[in-house]
Amino acid sequence: MIGKPLPLRDLGFQSTLELMAKMPEVVRICSGEKGTFTLKAIADETTKGIANLVARQKKSVKSRKNVAAFPCRKTRSLPRKANVPVLPVTVKAELQDLLS
């Protein structure tokens, strides 16, 4: 969306998944079969209305089959690194804006 890769290394992370794991109030990591993951944005006060509208939408048979094949299960926490910095508030806010 911004035309550049995320500066993961500059922020002290090895992967996007590691970065997302540090923001549980912004995104939920759902594990799937064969080691796949889905990132689900968590609605805040400004996006709660949109989330409610999406939740009330009628789903086609095709999309219901996809959801049933890929339920959101709790993931095991990623291994913690001692030297991983806290994500700066400004970066966290920008990522939350992008996800919403």
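Considering the range 2-42, and only residues there that are assigned to a loop (DSSP other than H, G, I, E, B) and farther than 16 Å from Lys92 by Cβ, the residue that is least open to solvent (accessible area, probe 1.4 Å) turns out to be Gly32.
Taking the range 46-99 as the region of interest, the helices (runs of 4 or more DSSP H) fully inside it that hold 1 or more residues being at pLDDT below 75 and under 20 Å from Ile29 (Cβ atoms) are 61-69.
The values are calculated or read from the model by the stated rules, or taken from the named source; none is laboratory data. Note that the coordinates shown come from a computational prediction; the quantities given were computed from them, not determined experimentally. Don't worry about glycine lacking a Cβ; one is built from the backbone with ideal geometry, like all the others, and counts go over all protein chains shown. Heavy atoms of the whole protein, side chains included, go into the accessibility calculation; ligands, DNA and RNA do not. Shrake-Rupley method; radii C 1.70, N 1.55, O 1.52, S 1.80 Å.
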